[in-house]
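Participant: Pasting a structure below so you can have a look.
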Amino acid sequence: MTLPVQYLWLIPALPLLAAGIGALTPRNGRNLAAGSAILAMAVAFVLSCFALNGALQAPATHAVYNFAWFDLGHDALRLGLLLDPLTAFMCVMVTFVGLLIFIFSLDYMKEDPNYSRFFCFMSLFAAAMLGLLVANSLLLLFICWELVGLASYLLIGFWFHKPSAAAAAKKAFITTRIGDLGLLLGMLWLYDSSGSLLFYDGGHGVLEAANLASLTGQTLSCGLAVSTAIGLLIFCGAAGKSGQFPLHVWLPDAMEGPTPVSALIHAATMVAAGVFLVARAYPLMSADTLIATAPVHALTVVAFIGALTALLGALIACGQTDIKRVLAFSTVSQLGYMMLALGVGSWTAAIFHLLTHAFFKALLFLGAGSVIHAAHHEQDIRSLGGLRPRMKITFATFAIGMMALSGVPFLFSGFWSKEAILHAAHEWNVSPLPLYAGLTAVVLTAFYMTRLVAETFFGQARSPAAEHAHENHAVMTGPLVLLAVGAVLLGFLGTPACPWLQARLSGTELHSSMSQLFASGGLLLLSIGLVGAGLVTGWWLYGRKLRQTAEHRDPLAVASPAVMAALASRLGFDELYAATVGRLNSLTAALANGLDRWVIGGLVNFLGQFGVFSGTLSRETAESTLNHGFDQVSASIRGSGQRYSRAQTGEAHGYLRVIAMAFIVLVLLLVLGGSR
Amino acid sequence: MNSFPLLTLIIFIPWLGALLLAQMSRAHPKIIRGLALLFSLSTLALGLVAWANFTPAAAGYQFVEQHRWISFLNVSYHFGLDGMSLLLVLLTGLVAPAALLASWKIERDTRLFSLLLLFLQGSALGVFLALDFFPWFIFWELSLVPAFFLIKLWGGPGASRAAYQFVIYTIGGSVFMLLAFAAIFAAVGTFDFVELAVLAQNGGLATKMSGPALTAIFLGVLLGLAVKVPLFPFHTWLPSAYAEAPTGASMFLTGIMSKMGVYGFFRILWPLFPAQLHAAAPVLIGLALGGVVLGAFAAMAQTDLKRMVAYSSINHVSYCLLALFAVSSCGSEPARDSVVPALSGALLQMFNHGLSASALFFGIGVLEVRSGGKRGLNDFGGVRTAAPVFAGLCGLAMFSSLGLPGLNGFVGEFLVFRGVFGLAPWAAAIGCLGLFATAWFLLTFWQRVFHGPVGPGVAGFKDLSGLEIATLAPGIALMFVLGVWPQLLVGLFNPLVTAWSGHLP
Amino acid sequence: MTPLHLCLLISTGLFCIGLAGALARSNTILVLLGIELMLNAANLNFIAFWRFGPPSPPANGMIFVLFSIAVAAAEAAVGLALIIAVYRHQNNIRLQDATRLKG
C-alpha cells in the first residue's frame, strides 16, 4: 500500500479532528476524548507507514501536490504538500512515538480533572507537527510551526494554576517568538526575492537550482550572499524552537508541563522541528558554500552554535538535581549535536540522530514520568534512590535509554548516530573545534547519565515517597518496553557498514561493506574510550559511595563548590537575560508610555490650554471694546419694549374692547368714506 | 444599473430604527432591545444581499445611486459600493449587533443607549458608502454626536473628560479637512470622489491649483484623517476614550470607528493626492512605524486592561497605514509583486482587527461586570479555573490579535509584512518589534488574569451566559474560518486591489 | 328687500348680540358663546353671498363654512379646556380675574 501525495493531508487532519472532538466534549467525556486521540494517532501511523512505503520506492524524487490558498493579484498564494523520505521517516517517527506517549498518558493523567482537554491539546500538537512535516511551502510550515508553539504553550501551562507553570509557558512562547521573528523575516525576504515559498514546484521552487543560483548570485553590501542572510534568519527560527544557544533558556523551564508532554514535545518531536527545518531547507542553507569569497557561510554559523550548545547543555546537565531538568539539558545538548551535524554538512547524520534520539529520549522521559508517578511527584534525584528493586521494568528500560544516550558501543542506537555525527565533524575542513566540543560532550553525557541513574535507582530510598514506590501498570510500562526496543534496534538502520537510512534519505545508492565499519577506526576507538571515561568517572563519584540522605552534599560540590553552584544556576543565563532583555523591554515600555503620556499628551494639553487662554483673551477684548456699543443699543431697545408692554394688561375684556373699537372704526371708515 | 435603492436602505434602516425608538417612550426595555437588535441586524442581512449580488470581477462601484441634491454647490446624493466598502459594511453588520448584545444588561436609559448606537451605526455606514464629499462629511461628523453621548453618559469615572477630548480633537482635525475640501471645490467645482480621482489621475487637479496650495490641502485632509485613525502622534485621545467608554461603545469605536479613518486614507487621500502622498511617504512610514512599535510597547506598560487593548489597537491599525504608505512610497517604479499583498493585507487587517479587538473589549467588559468594575492587570488571577469557557474564547481572541497562524490575524499581518518588506525592508524589520511586543503584553495579560492561583474575588466568577456566548461566538467562528480560508474575503477585493496596483502613477 | 338683504340684516343682528355678550359678560363661558355667535354671523354671510350673490363655482361658500365650523369647534374645545384649567387655578371663571398671563 502506498499513500499518494495528494492524500497526505489526511495524516495531520486525523489528529486535528481528534483535537476538535476533544475540545467539544464536556469534562466527563474522558473516554471519548482519549479514545479518539489514540485512534486518530494509530490511523495516522498506518497512513504514515503507507506514505513511507511509497516514498522509499522513489527516494530521490520529491512528490509534490500544490494548491492555491487564496488569490493575490493576477496570481495566487500557493501552498503544497510534499512527500519524500525525509517527510515520511519523520511522520512515522512522530506518529509512532506519539501513539506510545498517548497510551502512556492514559494512566499517567488519569487523575487529572482536565483529562479530555489534555488529549485535545496533545492531538492539536500532533496535527500541527505532522502538518509541519508534510508542508511543501515555507509558509505552511511556518503556520504549523507557530501552531506547535501554541500547543507547546498550552501544554507547558497545562497546570496553569501553578504560577511557575504559567510563567514557564509564557517564557517558552516569547523566547521562541524571538527566533520566529527571524524566521518570518527570512521567509519574507525569500518570498520577495524569489516570488514563491514553495519548496519544490517543478523547477520554480525555492529549493530548486534556478532560484538558488539567483539567490547566491546577489550579494549584500556587507559581502554576504542573499542566500546566506536568508539562511541565517531561518536558522534563528530553528535555534529558537530547538533550544540552541542563546535561546535555549525556555526548554528547561518547559519541564513544568506534565511529563508526557515533555517526552513528546520537548524531547522527541517539537524541539527537533528546528533540525528538521534546517534539513528541509538544506539546499538553501548550503547554497553559499560554493562561494569561496563569502565572509561567512550560513552552515558554519550553524555548526559553531550547535557545538557550543552541545557543550553547554552537557555541562549544565551535570549540575541539575531535578530528574526532568537533567534530561531537558541533555536534550539541549543532543539538539546541539544535530545542529552540529547539519552545520558540518551531513544532514542525513543529523536526521539519523534525530530519529534515534526521539526514541531513547522519549523513553527516558517516560521512564522519568513512571518514576515521578510512582513516587508521588517527587522529582528531586537527591530524594529518590533505591528504585531498582521496586520498579524493575522501569529501571531496565531507563538503563537502556541511558546507555543509548551515553553512546555505549555497538548495541545501542545512540552510539551509531553519534558516531555518524562525529565522523562528519571529523571530515569538516573548516575548523576542528566542533569536533572537540562534540568529543567533550560525549564524556560529559556519559558522566551525567551515570550520575542520574546512580542517584535515582541505586542505594537506599531517601524519602517516604521513594520507599512506597512500586511498579506502574502495564499501560505505562508497555510503551516503555516498545520504545526500548526501538532505542536498540533503530541504530542498525544506519551503521557505517550499511548506511541504509542515510542512503534512502539522500536518495543515493546504498554501498554496504563491513570494511566501512572501521574506516575511521581511530575516531571510533577514541569515542568509545571517552564514553568509557565518562561512565567510569560518573561511577567513581556517584556509584562507588552511594548517597545516604537527601541532604548529603553532592560529591561534585565537595570537589569544587563554585563550579557546582554555577552549573546548578544554569551558568546564570536566566539572570543575564532578565537583566538585559527583560529590563530593556520594561525600559522601552516605560519610555513609550512616558513619551505618550507626558510628551505627546503634554503637547496636546498645552495646545488645549493655549486654546483656552486665547479664548479668554479674545473674550476680554470683545467685552471691553466691541460689546460696549452693542450694549447701549440693546438697552434702548429694552426700554422701549418695556414701555409698550404696559399696554398688555392681561385682561381679556380689555383686549376685546380694543378689537371691538378697532372694528367699529374700520366699519365707520368704510361706510362714511365709502368711495364706491 | 440596479434601480433598487439597496445602499440607501443599508444606511437609513438603522436611522429609521433610531427614529422609531425615539417614539417609544413607554415600551418595555426588552422590546426596545429586541427592536434595536433587529434594526442593527438589518445591516448584516442587507450586506449579505449585496454580497450575493456583488460582482467581484468588476473593480468599479456597484449598486450606484446618484441623484442631484444641491444644484448650486454641485452636490449629489451619490452612493456606491466596491470590494472595500462591502468588506466594511459586513464588518459593521457583525460588530454593531455584537455591541448591542454586549450592552444587553445596561439598565439605565436603555432606549437612549440603543438609539444612539443605531444612529452611530447608520452614520458609519454612510461614511463607508458615500461617494460625494458633502454627504460623506455629514456622516463623518454625525458619527461624533452619538459617540460623544455614549462615552459621556454611560462611561467610567473619567468619561466626561475623555468624551470632550475625543470630540474636540476629532472636530479639530475635521475642520482642516472641511477647509481643504472647500478649497478644492473653489478650484474644481465638484465634491464627487470619483470625478476628483479622475482629475487627480489625469493631472487636472494639479493644473487648477498651485503646488503649495495643493500641498496645504493635502496636509489638511491628512490631519483630519490621521486624527480619526489615529496615526501616531495624533492618538492621545484614543486610550482614554476607549478605556472610559462603556463596553458596547468601545467595541464599536475600535471595531468600526477606527476603520473610518483608514477607509478615508484609501478612498480619499491616496486617490486624490498620490504625488503628495508619495513625497510625504518617508515621514509617514516613520509615523506609522511609531504607531506600530510605540503603541505595542506603551501597551506593555499599561496596568489598565482596557487601555492596554486600546494601545494595541493603535498598533494594529498602524499596520494598515504602514502598508498604504509603503505602497505610495514606491511611486513611479512600483514593485507590483509587493503592492498587491500590501494592499490586500491592509484591507484584511482592517476586518480582522475589527473582529479581534472588539472581542477583546467584550472580554474585558465581562471581567469588569463580574468583578464590579475592576479592570486592572493585577486585580484578577486564575479566571481560567473559574470560567473555562470564557477563558477559552477570550484566549482565541487574544491569539487572533497577536497574529497566530490558523486564526484570521495572521493572514493580514503576513501579507502586510510581505508587501512592506518588498517596498521598504527596514520598515518591515522594525515593525517586527511590534509583533514581538504584542505577543509579550498579550501573554502577560493572559498569564496575570487567567492563570495562576484563583485570586480574591475571582472564586465566585460565573462562566459565560448563553447571551454572552451568542455575542462572542460568531466573531470567534469567523476567526477560524478566515484563518483557514481567507479566500472568502480576499475574493471580494482582489480584483479591486489588482486594479489599484495597475493604476499606480 | 331682496333675500340677500334680509340675510345680511339677520347676520348683523347676530353679530351685534355676540359682540355685546362678549364685551359685557364676565363669565368666561358666556364670552366664548358670544364669540361663537359672531362666528356664526360670518358663516351666515358666506352662505348668503354664495347663494344669492353673483354666480360662483358650485359649493364654494359651503366649503368656506364647513372649514369655519371646524375651526370653531376646535376653538371651543381648546377654550373649554382652558376654562377648566383657569377654574382649577382660581376656583371661578371670572374673566377679569384671569390676568396672570400677561408678559
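Participant: Can you confirm whether residue C:77 is exposed (fewer than 14 other Cβ atoms within 10 Å of the Cβ), small (Gly, Ala, Ser) and modelled with pLDDT under 90?
Facilitator: So residue C:77 fails the test.
Participant: Also: When you scan the range A:241-249, do you find a residue that is within 14 Å of chain B (Cβ to nearest Cβ) and surrounded by fewer than 24 Cβ atoms within 10 Å (Cβ to Cβ), even just one?
Facilitator: Scanning the range A:241-249, I find no residue that is within 14 Å of chain B (Cβ to nearest Cβ) and surrounded by fewer than 24 Cβ atoms within 10 Å (Cβ to Cβ), so the answer is no.
Participant: Step by step: first the residues of the range B:483-493, then only those that are touching a Phe, Trp or Tyr at 6+ places or on another chain (Cβ under 9 Å) and open to solvent by 10 Å² or more (accessible area, probe 1.4 Å), then the one that is farthest from residue B:385 (Cα to Cα). Which residue is that?
Facilitator: The selected residue is B:491.
Participant: In this structure, does residue B:275 turn out to be out of contact with any Phe, Trp or Tyr (no Cβ under 6 Å at 6 or more places or on another chain) and open to solvent by 10 Å² or more (accessible area, probe 1.4 Å)?
Facilitator: yes
Participant: How many of the residues in the range A:158-176 are within 8 Å of another protein chain (Cβ to nearest Cβ), assigned to a helix (DSSP H, G or I) and open to solvent by 20 Å² or more (accessible area, probe 1.4 Å)?
Facilitator: 3
Participant: Does the range A:291-307 contain any residue that is without any contact (Cβ under 8 Å) to a residue 40 or more places away in the chain and either surrounded by fewer than 21 Cβ atoms within 10 Å (Cβ to Cβ) or closer than 17 Å to residue A:418 by Cα (or both)?
Facilitator: Yes, because at least one residue in the range A:291-307 is without any contact (Cβ under 8 Å) to a residue 40 or more places away in the chain and either surrounded by fewer than 21 Cβ atoms within 10 Å (Cβ to Cβ) or closer than 17 Å to residue A:418 by Cα (or both).
Conditions (1) acidic (Asp, Glu); (2) in a helix (DSSP H, G or I); (3) more than 10 Å from every other protein chain (Cβ to nearest Cβ), marked per residue:
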position: C:8; (1), (2), (3): no, yes, yes
position: C:11; (1), (2), (3): no, yes, yes
position: C:14; (1), (2), (3): no, yes, yes
position: C:17; (1), (2), (3): no, yes, yes
position: C:22; (1), (2), (3): no, yes, no
position: C:29; (1), (2), (3): no, yes, yes
position: C:36; (1), (2), (3): yes, yes, yes
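Participant: Can you tell me which residues in the range B:450-501 are part of a helix (DSSP H, G or I), aromatic (Phe, Trp, Tyr) and out of contact with any Asp or Glu (no Cβ under 9 Å at 6 or more places or on another chain)?
Facilitator: Of everything in the range B:450-501, those that are part of a helix (DSSP H, G or I), aromatic (Phe, Trp, Tyr) and out of contact with any Asp or Glu (no Cβ under 9 Å at 6 or more places or on another chain) turn out to be B:450, B:480, B:500.
Participant: Within the range A:472-487, can you find the residues that are of a type in the set (Val, Ile, Thr) and open to solvent by 30 Å² or more (accessible area, probe 1.4 Å)?
Facilitator: Within the range A:472-487, A:475, A:481, A:485 qualify.
Participant: Could you list, in sequence order, all residues of the range A:181-218 that are hydrophobic (A, V, I, L, M, F, W, C), over 22 Å from the mean Cα position of the chain (by Cα), more than 20 Å from residue A:276 (Cβ to Cβ) and crowded, with 22+ Cβ neighbours inside 10 Å?
Facilitator: A:215
Participant: Hey, another quick one. Test each condition in (1) open to solvent by 60 Å² or more (accessible area, probe 1.4 Å); (2) in contact with a Lys or Arg (Cβ under 8 Å, 6 or more places away or on another chain); (3) in contact (Cβ under 8 Å) with a residue 12 or more places away in the chain for residue A:66 and report the one that comes out false.
Facilitator: Among (1) open to solvent by 60 Å² or more (accessible area, probe 1.4 Å); (2) in contact with a Lys or Arg (Cβ under 8 Å, 6 or more places away or on another chain); (3) in contact (Cβ under 8 Å) with a residue 12 or more places away in the chain, the lone unmet condition for residue A:66 is (1).
Participant: Can we say residue A:359 is over 16 Å from residue A:242 (Cβ atoms), open to solvent by 10 Å² or more (accessible area, probe 1.4 Å) and within 21 Å of the chain's Cα centre (by Cα)?
Facilitator: yes
Participant: Quick one: residue B:85 ticks every box in (1) in a strand (DSSP E or B); (2) surrounded by 18 or more Cβ atoms within 10 Å (Cβ to Cβ); (3) not aliphatic (A, V, I, L, M) bar one, so which box is it?
Facilitator: (1)
Participant: Another question, if that's okay. Does residue A:399 satisfy the criteria of being closer than 20 Å to residue A:316 by Cα, small (Gly, Ala, Ser), modelled with pLDDT of 85 or more and part of a helix (DSSP H, G or I)?
Facilitator: No; evaluated as a whole, the condition is false for this residue.
Participant: Here's something else I'd like to know. What about residue A:143, is it within 12 Å of chain B (Cβ to nearest Cβ), open to solvent by 10 Å² or more (accessible area, probe 1.4 Å), without any contact (Cβ under 8 Å) to a residue 60 or more places away in the chain and over 15 Å from residue A:272 (Cα atoms)?
Facilitator: When the stated conditions are applied, residue A:143 passes them.
Participant: Now for a different question. Looking only at the range B:291-313, filter to residues that are assigned to a helix (DSSP H, G or I) and among the charged types (D, E, K, R); which one of those is surrounded by the most Cβ atoms within 10 Å (Cβ to Cβ)?
Facilitator: Once the filter is applied, the top-ranked residue is B:306.
Participant: Give me the residue from the range B:143-170 that is touching a residue at least 40 places away in the same chain (Cβ under 8 Å) and within 18 Å of the chain's Cα centre (by Cα) and, out of that set, surrounded by the fewest Cβ atoms within 10 Å (Cβ to Cβ).
Facilitator: That would be B:169.
Participant: Return only the number of the condition from (1) more than 14 Å from every other protein chain (Cβ to nearest Cβ); (2) at pLDDT below 75 that residue A:617 does not satisfy.
Facilitator: Here residue A:617 clears every test but (2).
Participant: Continuing with the same structure: Out of B:389, B:383, report the one residue that is within 13 Å of another protein chain (Cβ to nearest Cβ) and either acidic (Asp, Glu) or open to solvent by 20 Å² or more (accessible area, probe 1.4 Å) (or both).
Facilitator: B:389
Participant: Is it the case that the range A:112-124 has a residue that's over 30 Å from residue B:500 (Cβ atoms), within 14 Å of chain B (Cβ to nearest Cβ) and assigned to a strand (DSSP E or B)?
Facilitator: No, the range A:112-124 contains no residue that is over 30 Å from residue B:500 (Cβ atoms), within 14 Å of chain B (Cβ to nearest Cβ) and assigned to a strand (DSSP E or B).
Participant: Only one of A:331, A:321 is among the β-branched types (Val, Ile, Thr), buried (at least 22 other Cβ atoms within 10 Å of the Cβ) and touching a residue at least 24 places away in the same chain (Cβ under 8 Å); which?
Facilitator: From the options A:331, A:321, the qualifying one is A:331.
Participant: So, one more: With respect to the numbered conditions (1) more than 13 Å from residue B:322 (Cα to Cα); (2) more than 10 Å from chain A (Cβ to nearest Cβ); (3) aliphatic (A, V, I, L, M), which one is the sole condition not fulfilled by residue B:402?
Facilitator: If we test residue B:402 against (1) more than 13 Å from residue B:322 (Cα to Cα); (2) more than 10 Å from chain A (Cβ to nearest Cβ); (3) aliphatic (A, V, I, L, M), just (2) comes out false.
Participant: Going through the range B:420-434 one residue at a time, which ones are more than 9 Å from chain A (Cβ to nearest Cβ) and over 20 Å from the mean Cα position of the chain (by Cα)?
Facilitator: Listed by number, the residues that qualify are B:423, B:424, B:426, B:427, B:430, B:431.
Participant: Report yes if some residue within the range A:624-634 is away from chain B (no Cβ under 14 Å), under 26 Å from residue A:254 (Cβ atoms) and not β-branched (Val, Ile, Thr); otherwise report no.
Facilitator: Scanning the range A:624-634 turns up no residue that is away from chain B (no Cβ under 14 Å), under 26 Å from residue A:254 (Cβ atoms) and not β-branched (Val, Ile, Thr).
Participant: Which of (1) crowded, with 24+ Cβ neighbours inside 10 Å; (2) under 26 Å from residue A:210 (Cβ atoms) does residue A:122 not meet, given it meets every other one?
Facilitator: Condition (2) is where residue A:122 drops out.
Participant: Hey, among the residues in the range B:179-189 that are open to solvent by 10 Å² or more (accessible area, probe 1.4 Å) and touching a residue at least 12 places away in the same chain (Cβ under 8 Å), which one's nearest to residue B:264 (Cα to Cα)?
Facilitator: B:179
Participant: For residue A:150, are the conditions met, namely being part of a helix (DSSP H, G or I), open to solvent by 10 Å² or more (accessible area, probe 1.4 Å), free of Cβ contacts under 8 Å to residues at least 40 places away in the same chain and more than 8 Å from chain B (Cβ to nearest Cβ)?
Facilitator: no
The values are calculated or read from the model by the stated rules, or taken from the named source; none is laboratory data. Only a predicted model underlies this, so the values are computations on that prediction, with no experimental measurement involved. All Cβ positions, even for glycine, are placed from backbone atoms using ideal geometry, and neighbour counts span all protein chains on display. Protein only, heavy atoms only, side chains kept; ligands, DNA and RNA dropped before computing areas. Shrake-Rupley method; radii C 1.70, N 1.55, O 1.52, S 1.80 Å.
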